[in-house]
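Engineer: Please see the structure below; I have some questions.
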Amino acid sequence: MLLTACYLYTIDTYGYPPTIDEGLKAIDDLHELGFKFIELEGVEEEHIRAVHTERARFKQALDERGMRCVNFCPVFRDLVSMDKKTREAAYPSFALGAETAAYFGARTVHVATYLPPVEFVGAQPYVGKIKFKEQYKVRMPDSFSWARQWDALVESVAKCADIAQEHRLTLIIEPRVGEMICSTDSLLRLMDHANRSNLKANFDCAHLNAQKEILPLSARKLEGKIAGLHLADNDGSDNRHLFPGEGNIDFEGVFKELARQGYDGPVGIDLGSIPNLGKRYAECAQWLRAFAKKQGFELEG
């Protein structure tokens, strides 16, 4: 298993999206904190293209520090638009993201499933800096059709999986609170409908716990279909991304199940919106090495 620093460190430290120079500075930060494996992102079309254009600078920065990007996420809401022309116009940007992931030597390319196009009254999740403890209200547009939106999502994910396959990449998706794929079972349904062998799960402990899932059971449901793991804690009352032990997640049960499955992918530290973030990432890496060893895992990195 690869001990990895998730992109939430960069987002929380430098904003969303960071500039190219800030993204490179984050690599320096994480190197100084002792990480060898990290995630990178491109946030919407302009930033995806900018990271692709500067991919040699990112690769050089990683190589000079003995680091590697294991997962790249092109974040682009248009990929799941209900409008077919809008989706089709977004696929070239995703293809650049997949090309960038392959250039970095990543195993996976990561997409989100985003909020459904309903009208939020007040705060809206995942807009700007990620905030926790928010409450949301929506108005349902008369024109909104879940069936049409689902078909668009399935089409897009299948297309992105095919593009990923061209670069010998696995496409991963994580259930996230409030998004169209928000639970283990909705992800399994999407996998069935998209029907692509290189479509796998990113197992995000914090999001799943906030969905009140029983995490070892979720992992069993996804057996053979997990290609990434994000690790953070919360108490299930809110989608916080806290240090392990500050919530109630059954990490021992999760790791025992992953050991039973022979999981050997990345384990990403995904802490966010907490004080002394860099220090806490380093402390969490130390905690994770000791914890994983007790569960029969050896972590690289």
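The values are calculated or read from the model by the stated rules, or taken from the named source; none is laboratory data. None of these values were measured; they are calculated from a predicted model. Cβ: placed from backbone, ideal geometry, glycine included. Neighbour counts: every protein chain shown.
Engineer: Identify the single condition in (1) touching a strand residue (DSSP E or B) at 6+ places or on another chain (Cβ under 9 Å); (2) more than 30 Å from SER145 (Cα to Cα); (3) buried (at least 18 other Cβ atoms within 10 Å of the Cβ) that ARG55 does not satisfy, given that it satisfies every other one.
Structural biologist: Of the numbered conditions (1) touching a strand residue (DSSP E or B) at 6+ places or on another chain (Cβ under 9 Å); (2) more than 30 Å from SER145 (Cα to Cα); (3) buried (at least 18 other Cβ atoms within 10 Å of the Cβ), the odd one out for ARG55 is (1).
Engineer: Quick one: which residue in SER237, SER197 is assigned to a loop (DSSP other than H, G, I, E, B), at pLDDT below 95 and either surrounded by 23 or more Cβ atoms within 10 Å (Cβ to Cβ) or hydroxyl-bearing (Ser, Thr, Tyr) (or both)?
Structural biologist: Step by step, each of SER237, SER197 is checked, and only SER237 is assigned to a loop (DSSP other than H, G, I, E, B), at pLDDT below 95 and either surrounded by 23 or more Cβ atoms within 10 Å (Cβ to Cβ) or hydroxyl-bearing (Ser, Thr, Tyr) (or both).
Engineer: Between a first residue in region 239-266 that is farther than 18 Å from GLU283 by Cα and touching a residue at least 12 places away in the same chain (Cβ under 8 Å) and a second residue that is basic (Lys, Arg) and assigned to a helix (DSSP H, G or I), which pairs have beta carbons less than 7 Å apart while being 6 or more apart in sequence or on different chains?
Structural biologist: Note: pairs meeting the criteria are GLU257/ARG220.
Engineer: Right, something else. Looking only at region 151-160, decide whether some residue is surrounded by fewer than 23 Cβ atoms within 10 Å (Cβ to Cβ), without any contact (Cβ under 8 Å) to a residue 24 or more places away in the chain and over 25 Å from GLY265 (Cα atoms).
Structural biologist: The answer is yes, given that some residue of region 151-160 is surrounded by fewer than 23 Cβ atoms within 10 Å (Cβ to Cβ), without any contact (Cβ under 8 Å) to a residue 24 or more places away in the chain and over 25 Å from GLY265 (Cα atoms).
Engineer: Look at LEU258 and say whether it is buried (at least 19 other Cβ atoms within 10 Å of the Cβ), more than 25 Å from TYR136 (Cβ to Cβ) and among the hydrophobic types (A, V, I, L, M, F, W, C).
Structural biologist: When the stated conditions are applied, LEU258 passes them.
Engineer: Quick one: count up the residues across region 260-287 that are part of a loop (DSSP other than H, G, I, E, B), farther than 19 Å from ILE11 by Cα and of a type in the set (D, E, K, R).
Structural biologist: 1
Engineer: Output yes when any residue across region 44-58 is touching a residue at least 24 places away in the same chain (Cβ under 8 Å), of a type outside the set (A, V, I, L, M) and under 17 Å from THR4 (Cβ atoms), and no when none is.
Structural biologist: Checking region 44-58: at least one residue is touching a residue at least 24 places away in the same chain (Cβ under 8 Å), of a type outside the set (A, V, I, L, M) and under 17 Å from THR4 (Cβ atoms).
Engineer: Tell me, which residue of region 25-58 that is more than 26 Å from LEU79 (Cα to Cα) and basic (Lys, Arg) is nearest to the chain's Cα centre (by Cα)?
Structural biologist: The selected residue is LYS36.
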